[in-house]
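Let me begin by presenting the structure, written as structure tokens, before commenting on it.
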Amino acid sequence: TKFLDSGPGFNSMLGYIPRVNIRQVAQDASYRWRPGGLIKSIGPQVTLLADWNFSKELQDWVATPGFVIELPRQTYVTVGRTEAVEVFRGISFRKHSNDITVSSEFSKRVAVTAGYGTGARVNYYPGGGMLPFGGVGQDLSAKVTVYPRGNLKIDNIYVLSRMGERDGRAAVFNSHLVRQTVNWQLTKAFSLRLIADYNGVLPNPYLVDLERSKRVVGNLLFTWMPSPGTALYAGYT
């Protein structure tokens, strides 16, 4: 159980506080059976969350029941259903989502994670002077991590997000992200990181206030850490 209380005037000079004027309660619960054999554990889980502002007005609530199966080699299959209410710009939106996630470290050299979710979403950036409105969205993600050597790690990621009107007549936006990250520990003190990604956003200008864009970005970072707490970084984008 978690409780968060952040007053309207709260300010932290040493950290980023994403939200103030909030009182939030969260509860996680799960139960596992361990039948042995191929299925190492199996059972339900649930996450509950609700928050109010200091005027005692409900801002959000989320209920996410799910079911988890654990298999050998750090393999997990999770299915869940989310029911939620979100108040955005004074409008209350009813949201839901059906989700499935599969992850596995079936090899010392390769690990994979994939997830898919579909349900009711919110258009936070409506176009044409419209108010925020709800629609139907899908989210797909896949990640493959490869360890060619003990000091080399390569992550390959693909993320698709899309949203359409509730009646399915028009798309609101489609977003594609493809990213590769290479982390190379050259020595105990020296490391190199390379990130290359493609990000494409295809919006419907009549329905969403987003710019159409297709970008390829590369980032190179060199790190020298002679001792814990002391580091020199040199980077290029």
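Select from segment 197-227 the residues that are within 22 Å of the chain's Cα centre (by Cα) and of a type in the set (Ser, Thr, Tyr) and list them in ascending order. Once the filter is applied, which keeps residues that are within 22 Å of the chain's Cα centre (by Cα) and of a type in the set (Ser, Thr, Tyr), segment 197-227 yields 198, 213. Just the residues that are of a type in the set (Lys, Arg) and assigned to a strand (DSSP E or B), please, taken from segment 165-198. Scanning segment 165-198 gives 179, 193. Residue count for segment 98-133, restricted to those that are under 20 Å from residue 211 (Cα atoms) and assigned to a strand (DSSP E or B): 5.
Here is a yes/no grid of residues against (1) under 18 Å from the mean Cα position of the chain (by Cα); (2) of a type in the set (Asp, Glu); (3) open to solvent by less than 40 Å² (accessible area, probe 1.4 Å):
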site: 63; (1), (2), (3): yes, no, yes
site: 73; (1), (2), (3): no, no, no
site: 76; (1), (2), (3): yes, no, no
site: 85; (1), (2), (3): no, no, yes
site: 98; (1), (2), (3): yes, no, no
site: 105; (1), (2), (3): no, yes, no
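Examine segment 191-208 for a residue that is over 30 Å from residue 232 (Cβ atoms), out of contact with any Phe, Trp or Tyr (no Cβ under 9 Å at 6 or more places or on another chain) and among the small types (Gly, Ala, Ser), and state whether such a residue exists. Checking segment 191-208: at least one residue is over 30 Å from residue 232 (Cβ atoms), out of contact with any Phe, Trp or Tyr (no Cβ under 9 Å at 6 or more places or on another chain) and among the small types (Gly, Ala, Ser).
The residues of segment 142-156 that are open to solvent by 50 Å² or more (accessible area, probe 1.4 Å) and outside any loop (DSSP other than H, G, I, E, B), listed by number, are 143, 144, 147, 148, 149, 153, 156. The requirement of being in contact (Cβ under 8 Å) with a residue 12 or more places away in the chain, open to solvent by less than 60 Å² (accessible area, probe 1.4 Å) and farther than 25 Å from residue 183 by Cβ is satisfied by residue 136. Does residue 210 satisfy the condition of being touching a residue at least 24 places away in the same chain (Cβ under 8 Å) and within 16 Å of residue 133 (Cβ to Cβ)? Spelling it out, residue 210 is indeed touching a residue at least 24 places away in the same chain (Cβ under 8 Å) and within 16 Å of residue 133 (Cβ to Cβ). If you filter segment 31-46 down to residues that are assigned to a strand (DSSP E or B) and over 20 Å from residue 1 (Cα atoms), you find that the one that is least open to solvent (accessible area, probe 1.4 Å) is 41. Scanning segment 199-213 for residues that are in a loop (DSSP other than H, G, I, E, B) and under 11 Å from residue 126 (Cα atoms) yields a count of 6.
Of the residues making up segment 1-16, those that are surrounded by 11 or more Cβ atoms within 10 Å (Cβ to Cβ) and more than 24 Å from residue 65 (Cβ to Cβ) are 6, 7, 10.
Could we say that residue 162 is open to solvent by 80 Å² or more (accessible area, probe 1.4 Å), within 21 Å of residue 94 (Cα to Cα) and of a type in the set (D, E, K, R) here? Spelling it out, residue 162 is indeed open to solvent by 80 Å² or more (accessible area, probe 1.4 Å), within 21 Å of residue 94 (Cα to Cα) and of a type in the set (D, E, K, R).
The values are calculated or read from the model by the stated rules, or taken from the named source; none is laboratory data. From a predicted model like this one, the values you see are computed outputs, not experimental measurements. Cβ coordinates were reconstructed from backbone atoms using ideal geometry, including for glycine residues, and neighbour counts include every protein chain displayed. Heavy atoms of the whole protein, side chains included, go into the accessibility calculation; ligands, DNA and RNA do not. Shrake-Rupley method; radii C 1.70, N 1.55, O 1.52, S 1.80 Å.
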